[in-house]
Every structure is written in C-alpha cells, then in structure tokens.
Amino acid sequence: MFAQAQQLKSGSTVYIEPMSGYETYLAAAFLKKHVPLVVVTEKDKAEYIVRSTVSEYAPTAPGIVVNTTTNVNSSGFPSSGFPKAGYGMGHTDASISIVDAHTSQVVFAYSAAKGAHHQMQSTAEACAKHLKEFIEKSEKPKK
C-alpha cells in the first residue's frame with residue numbers, strides 16, 4: 001500500500017526555522033514571489049516547518065580571466081570569450097524542505113545554486129518561485 005502524497009495548500013501557515021539569517025531572505029522571497037503561504041513567527045502555530053541549508057564558497061584568491069578572443073564589437077570590447085557572469089568568483093548553494101509539523105512528512109524540497117558568491121537573495125527567490133509553482137500545479141483541477 002502506498003501513502004498518498006500530502007498536498008501543500010494555499011493559505012497554509014509556515015514557520016521558517018532560523019538558519020544564520022537565511023530565513024530572512026526566504027521570507028522576503030516568499031513575499032516578492034507571491035508564494036500563497038502565511039509565514040508565522042511562532043513555530044507552534046505553524047502547519048508546516050521550512051528547513052533550509054545554505055553554503056557559500058568564495059575563492060581565497062581572485063580569479064584571473066584571460067581572453068584570447070580577437071573579435072571585438074563596435075565599442076572595442078571582446079564580443080565573445082568571456083565566461084559566464086560570476087564564474088571564478090565562488091558560488092552559493094541553498095536548499096529548502098517543507099515538513100508537516102505534525103507528521104514530519106516532507107511535502108516539498110528544492111535546491112538552488114548560483115554561480116557567484118553572496119547570492120543568498122537570488123537562491124531564496126529561486127526556491128520561492130518553484131514552491132509557488134508546486135502549490136499552483138497541485139491545486140489545478142485534474143482533468
């Protein structure tokens with residue numbers, strides 16, 4: 001027998017556990033991305049708990065980018081050959097899981113990685129965006 005996956009519904013209350021300040025980025029991202037959940041500040045009043053992890057890597061020495069491209073645009077700058085923005089400047093990885101406060105069942109989990117150091121808000125917004133999509137998709141009527 002298989003257990004039915006629990007559905008996270010709009011209007012559910014969530015408590016975001018402290019994580020060295022990352023909880024503030026998540027709360028702000030939930031508001032900015034219009035995630036249809038109610039963030040509460042008291043854990044015992046929440047239906048769900050948001051747990052998160054975040055790690056940042058910053059190189060100890062600045063990276064050196066050598067451009068060997070001979071093509072230049074009208075401004076005199078190389079038109080190709082540059083690495084993606086943030087490359088060599090570290091990275092930020094974050095993940096969230098939403099857990100039912102009563103059953104401890106994980107109802108949602110997502111990870112985000114950004115290719116630059118100090119991308120806390122950006123990773124939080126990526127998590128919030130996917131959480132909103134998950135809720136909206138699960139609430140659409142089945143055909």
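The values are calculated or read from the model by the stated rules, or taken from the named source; none is laboratory data. The structure displayed is predicted, hence computed values, not measured ones. Here the Cβ is made from the backbone with ideal geometry for all residues, glycine too, and neighbour counts use every protein chain on show.
Which of the residues spanning the range 1-26 are closer than 15 Å to S97 by Cβ and assigned to a helix (DSSP H, G or I)?
Within the range 1-26, Y22, E23, L26 qualify.
Would you check if T24 is more than 19 Å from V107 (Cα to Cα) and of a type in the set (S, T, Y)?
On the way: more than 19 Å from V107 (Cα to Cα): yes; of a type in the set (S, T, Y): yes.
So T24 fits the description; yes.
So, in the range 110-123, of the ones that are crowded, with 17+ Cβ neighbours inside 10 Å, modelled with pLDDT under 90 and not small (G, A, S), which residue ends up nearest to H34 (Cα to Cα)?
M120
On the given criteria, is I96 surrounded by 10 or more Cβ atoms within 10 Å (Cβ to Cβ), under 16 Å from M19 (Cβ atoms) and at pLDDT 90 or above? Give the derivation first.
Details: surrounded by 10 or more Cβ atoms within 10 Å (Cβ to Cβ): yes; under 16 Å from M19 (Cβ atoms): yes; at pLDDT 90 or above: yes.
So I96 fits the description; yes.
Mind checking which residues of the range 8-45 are among the acidic types (D, E) and free of Cβ contacts under 8 Å to residues at least 12 places away in the same chain?
D44
Regarding the range 124-134, can at least one residue be identified that is basic (K, R), at pLDDT 90 or above and out of contact with any Leu (no Cβ under 6 Å at 6 or more places or on another chain)? Spell out how you get there, then give the answer.
Step one: of the range 124-134, the residues basic (K, R) are 129, 132.
Going one step further and asking which of them are at pLDDT 90 or above, we end up with 129, 132.
Pick out the ones that are also out of contact with any Leu (no Cβ under 6 Å at 6 or more places or on another chain) and you get 129, 132.
The answer is yes, given that some residue of the range 124-134 is basic (K, R), at pLDDT 90 or above and out of contact with any Leu (no Cβ under 6 Å at 6 or more places or on another chain).
Results for (1) more than 16 Å from the chain's Cα centre (by Cα); (2) over 21 Å from T24 (Cβ atoms), shown as yes or no for each residue.
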| residue | (1), (2) |
| --- | --- |
| T92 | no, no |
| S104 | yes, yes |
| Y110 | no, no |
| F134 | no, yes |
| K140 | yes, yes |
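Does S138 qualify as being closer than 18 Å to L8 by Cα, of a type in the set (S, T, N, Q) and either crowded, with 17+ Cβ neighbours inside 10 Å or at pLDDT below 95 (or both)?
For S138, the condition - closer than 18 Å to L8 by Cα, of a type in the set (S, T, N, Q) and either crowded, with 17+ Cβ neighbours inside 10 Å or at pLDDT below 95 (or both) - is met.
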